[in-house]
Amino acid sequence: MKKSIISILASVLVLGNFMGCANDESNATDISEETISLDKTSYIVNYTAASADLISDICSYLEEEMPKVNEFMGIDKPAQKLKIYIYPTLDSWKKHLSDIGMSYEEWIVGHASNWQVHMLNFHEYKKLQSHKNDTFDHYKKTVVHEYVHNAHFQIKTSTNSCGFLNEGIASHLAQQYDTAKINLSAYSDDYFFKSSGYSYAVTQAAIEKMVTNMSHEEFLKYLKDANYYYNNKESLIKLWTDRELKKYEWKTYNDGSLEFYTENPAFSGSMSKKTLKTNTDSFEAFGKQDSGAAASGYGFFFAMQDWQNFYRIRITYDGSLYIQIRKDGTYNYLVNSENVDCIKTGLSQSNNFAVKNNSGKLECYINSNLVYTIENPEWTTGEVAAYGAASPATSLAYNPVRLKYLLNK
Ligand SMILES: [Zn+2]
């Protein structure tokens, strides 16, 4: 339910004839006392006299299209018999949406939930500003679109969901848009992974490109598990836009603070640095993590000679300290995952790091507490750089890592 509300609210940008959304919870609403129920092999349609003239056309279209959707999804037997409800008036439609906690938007004329499809009747639909130019053909496709959401839900193996993917497959299998003129490379990397705020025609174009460029078996992996979709961002971006996915971003603010941002699982565990000071034997700086998993951690390189030779101090927001030396490319831990009380724990808690050269020894401080002394340092001067990496890979796409650093002036 929650998912569908979000996706509806955001789809206000949608152009053209569209209208549908998916939700996962069951909430049938009685249409009225004059409801007519037509019981078919694979579905029951509940309607009133207001839409009686179009019922046989809707049914014959569904009977053509539902088996195609099932075959595409690999569904031998739908989990339930589909229940379709067609609301006779705009008021009854609004009341239904209100009863299930969905906000009314003028362009929304259908939605799906737990083997149910709910639709405003076609004659009322034609009176709406958003749909006045639509034909009955558009309307029938919307019914199929809502059915696809149900079939898709049946084959999902993960509870994670991506609105862009959900609407893309529903629009694709319902053949709702002419996508010939859509240039996918005009859209940002993030656009393809949004849970709301996209154009349905673009979602359809993106899914079409996947379907035509990969085996059906491979495509179904994306459909079944949104994690798989998020985890393959890099190759999907390449397919859609022919450009490389941005691995990470460093942003510099006027106050001298830096931000490291990544949501790319391919970047997991690897490193990025941003130089703060060169050729120094001491530094003091703040760091904090605003989002992402604790495993990501944040900290600083110091006495850095090059990528193969440096010290690194890193903490995690759940309170662990790591100090490492990398010499000629080989890492050794000086402090390995020690719980340190002076670390302020939690997201968005700023921690102060310092390294001071005290008569040739390098003293490491967290929030002014001495946490480690490097007695015989390999190097005492070098570059100081903010350190960013991301972990764990599986959560990055929907839980991106955002770190902030500020060097004391
Ligand atoms: Zn939809």
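Throughout, read-outs are computed from the coordinates displayed, never taken from laboratory work. Note that the structure is predicted; figures quoted are calculated from it, not measured. Using ideal geometry, Cβ is built from the backbone for each residue, glycine included, and neighbour counts are taken over all protein chains shown.
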Surrounding net charge for THR89, when Lys and Arg each add one and Asp and Glu each subtract one, Cβ distance under 10 Å: 0
What percent of all Cα-Cα pairs in the stretch 42-121 falls in each 5 Å bin, counting up from 0? 3, 13, 22, 24, 17, 13, 7, 1
Select from SER158, GLY287, SER185 the residue farthest towards the positive end of the dipole of the chain; place +1 on Cβ of Lys and Arg, -1 on Cβ of Asp and Glu, and compute about the Cα centre. GLY287
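Taking the Cβ of ASP328 as the centre, find all other residues whose Cβ is under 14 Å away and add up their charges (Lys, Arg: +1; Asp, Glu: -1). Write down the numbers at each step before the final one.
On the way: positive: ARG326, LYS327; negative: ASP306, GLU378.
My count for the surroundings of ASP328 gives 0.
Taking the Cα centre as origin and putting +1 on Lys and Arg beta-carbons and -1 on Asp and Glu beta-carbons, what dipole magnitude results for the stretch 151-228, to the nearest 20 debye?
Values: 6 positive and 8 negative charges, 19 e Å.
The calculation lands at about 80 debye.
If you place +1 on the Cβ of every Lys and Arg and -1 on the Cβ of every Asp and Glu, how big does the dipole about the Cα centre of the chain come out, in debye to the nearest 20? Don't skip to the answer; put the middle values down first.
On the way: 40 positive and 48 negative charges, 230 e Å.
So the dipole magnitude of the chain works out to roughly 1100 debye.
Let me check I've understood the local charge: for TYR365, count other residues with C-beta under 11 angstrom from its C-beta, Lys and Arg +1, Asp and Glu -1. What total comes out? Mind dumping the intermediate values first?
On the way: positive: LYS356; negative: GLU284, GLU363.
Once positives and negatives cancel, what remains is -1.
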Cα convex hull volume per residue for the chain (Å³): 165
Loop GluC sites (Glu not before Pro), the stretch 230-321, which have at most 11 other Cβ atoms in a 10 Å radius of their Cβ (DSSP): GLU244
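Past 25 Å, Cα to Cα: identify those pairs from LYS40/LYS126; LYS83/LYS209; LYS77/LYS141; LYS194/LYS251; LYS221/LYS273, in the order given.
Numbers: LYS40/LYS126 27 Å; LYS83/LYS209 32 Å; LYS77/LYS141 22 Å; LYS194/LYS251 22 Å; LYS221/LYS273 35 Å.
Long pairs (Cα-Cα over 25 Å): LYS40/LYS126; LYS83/LYS209; LYS221/LYS273.
Suppose every K and R has +1 on its Cβ and every D and E has -1 on its Cβ; what is the size of the dipole of the stretch 249-407 about the Cα centre, in Debye to the nearest 20?
For the stretch 249-407, the charge dipole is close to 140 debye.
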Low-density loop trypsin sites (Lys or Arg not before Pro), the stretch 179-244, at most 10 other Cβ within 10 Å, DSSP non-H/G/I/E/B, are LYS181, ARG243
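Write out the GluC sites (Glu not before Pro) in the stretch 357-401 meeting two conditions: DSSP loop, and at most 14 other Cβ atoms within 10 Å of their Cβ.
Working: sites: GLU363, GLU375, GLU378, GLU383; in loops: GLU375, GLU378.
Listed in order of number, the matching sites are GLU375.
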